[in-house]
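The values are calculated or read from the model by the stated rules, or taken from the named source; none is laboratory data. Just so it is clear, the structure is predicted and the values come from calculations on it, not from any experiment. Here the Cβ is made from the backbone with ideal geometry for all residues, glycine too, and neighbour counts use every protein chain on show. In case anyone asks, the SASA skips ligands and DNA or RNA and just uses the protein heavy atoms, side chains included. Shrake-Rupley method; radii C 1.70, N 1.55, O 1.52, S 1.80 Å.
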Amino acid sequence: MKLPMIIVHGGAGAWKDDRIPVGIEYVEKAARAGFDVLSSGGSAVDAAEVCTLFMENSGNLNAGKGARPNLDGIRELDAMIVDGINLQFGSVGAITGIQNPISLARYIMEKTDFNFFAGDNAKKLYDRMIQDGYRREIQAGEIEIPYISPVGDTVGCITVDANGHIAATSSTGGIAKKLPGRVGDSPVMGAGAYANDICGASATGWGEHIMRVVLSRMVVLYVEDGLDVMSAAQKGMDMFERKTGSEAGIIVADKEGNFGYSTNAKAMPISVIRSKADNLQSHACMKEE
Ligand code: ASP
């Protein structure tokens, strides 16, 4: 019995050695927050939103409060949530002035006829979301975490609920030294994340190159074609490196709760919980793994 389950990553990159334990600490907290939602009967989408909110609020990961600024010194955030059961998704690109783009991504998915909003008009939609009472703010730009009391922190995750229903997210401040207006892979369906009724994936790393190979969709396709999830993650990274020569990482989970991960960057903190809260494993996936 592996369900419900959650797998979380804190970003693949050139982590400084002393920052790796901090990354592991925060992905583990985020995994616990998401798992609490799953084990109290919440849906995969509920849990994926909560887990990602924790990462956005941690201040210690490259998303939300901790997002790295663009070349103008402004935090421009990208995020996406995918509902595997119906291939619905909501995406936000280059939004400023808020901390929690993941809740807006969910609002876009559930409450509008559209999928992807960017820039100032995304912020207007955020204001409408608050006015509608879809989510409440603790302070300007910061969402009150729904479903559970806020206890921890959290940038991509995959959740599988007890019914085998999968959701996936990604949320980021983007790569270092990005030009204002630049949007990476994270809010791009199939690139930064993907989920269907068989498998989900969430990617991290150099977004320009992740988009070129549509990394998350490719890895899910490998699983649909019969590969196990760990081999699919490795095959995805091999293909990515061969075709782009760039750095990235990927986490994968299928509807049975099997999971896989791989990176060719120095490190990618991950945390996994399956079936019971104490059945938890957290470590940094390293390039050599
Ligand atoms: N993939 C993200 C981007 O290119 C960055 C990251 O994963 O750290 O915006």
Self-check item: Order by protection proxy (mean Cβ within 10 Å, highest first), peptides 73-85, 129-141, 42-54, 234-246
Solution: 42-54, 73-85, 234-246, 129-141
Quiz item: Separation of the range 186-221 and the range 159-181 by C-alpha centroid, Å?
Solution: 9 Å
Quiz item: Which of the listed residues, ASN60, ILE98, LEU87, is farthest toward the dipole's positive end in the range 43-127, when Lys, Arg count +1 and Asp, Glu count -1 at the beta-carbon?
Solution: ASN60
Quiz item: Scaled to the compact-protein estimate 2.2 N^0.38 Å, what is the alpha-carbon radius of gyration of the range 1-68, rounded to two decimal places?
Solution: 1.15
Quiz item: Across all directions of projection, what mean area in square nanometres is found for the Cα convex hull of the chain?
Solution: 13.2 nm²
Quiz item: Stokes-Einstein D for the range 206-289 at 20 °C, 1.002 mPa s, Kirkwood Rh over Cα pairs, in µm²/s?
Solution: 163 µm²/s
Self-check item: Rounded, prolate or oblate (a/c below 1.5 giving rounded, otherwise prolate when a/b exceeds b/c) for the range 60-166 by Cα gyration tensor
Solution: rounded
Quiz item: Ordered by residue, what ³J(HN,Hα) values in Hz, to whole numbers, does the range 256-265 give under the Karplus form 6.51 cos²θ - 1.76 cosθ + 1.60, where θ = phi - 60° and Gly and Pro are x?
Solution: 8, x, 6, 9, x, 7, 6, 8, 10, 8
Quiz prompt | Accessible area (Å², per residue) of the chain, counting only protein heavy atoms and a probe of 1.4 Å | solution = 39 Å²
Quiz item: Counting only protein heavy atoms, what percent of the accessible surface of the chain is carbon or sulfur at a 1.4 Å probe?
Solution: 49 percent
Exercise. Tabulate in residue order the Karplus-calculated ³J(HN,Hα) for the range 93-103, using 6.51 cos²θ - 1.76 cosθ + 1.60 with θ = phi - 60°, rounded to whole Hz; enter x for Gly and Pro.
Key: x, 6, 8, 10, x, 9, 9, 10, x, 5, 5
Quiz item: Under the Kirkwood approximation for Rh and a Cα-based Rg, what ratio Rg/Rh is obtained for the range 17-119?
Solution: 1.00
Exercise. Quick one: give the max-minus-min coordinate of the C-alpha atoms of the range 134-260 along each principal axis, largest first, in Å.
Key: 45, 42, 22
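Rounded to the nearest 20 debye, what is the charge dipole size of the chain about its Cα centre when +1 sits on each Lys and Arg Cβ and -1 on each Asp and Glu Cβ?
With Lys and Arg at +1 and Asp and Glu at -1, about 500 debye.
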Quiz item: HN-Hα J couplings of the range 197-208 from phi, Karplus 6.51/-1.76/1.60, θ = phi - 60°, integer Hz, Gly and Pro as x?
Solution: 7, 10, 7, x, 8, 9, 10, 8, x, 6, x, 4
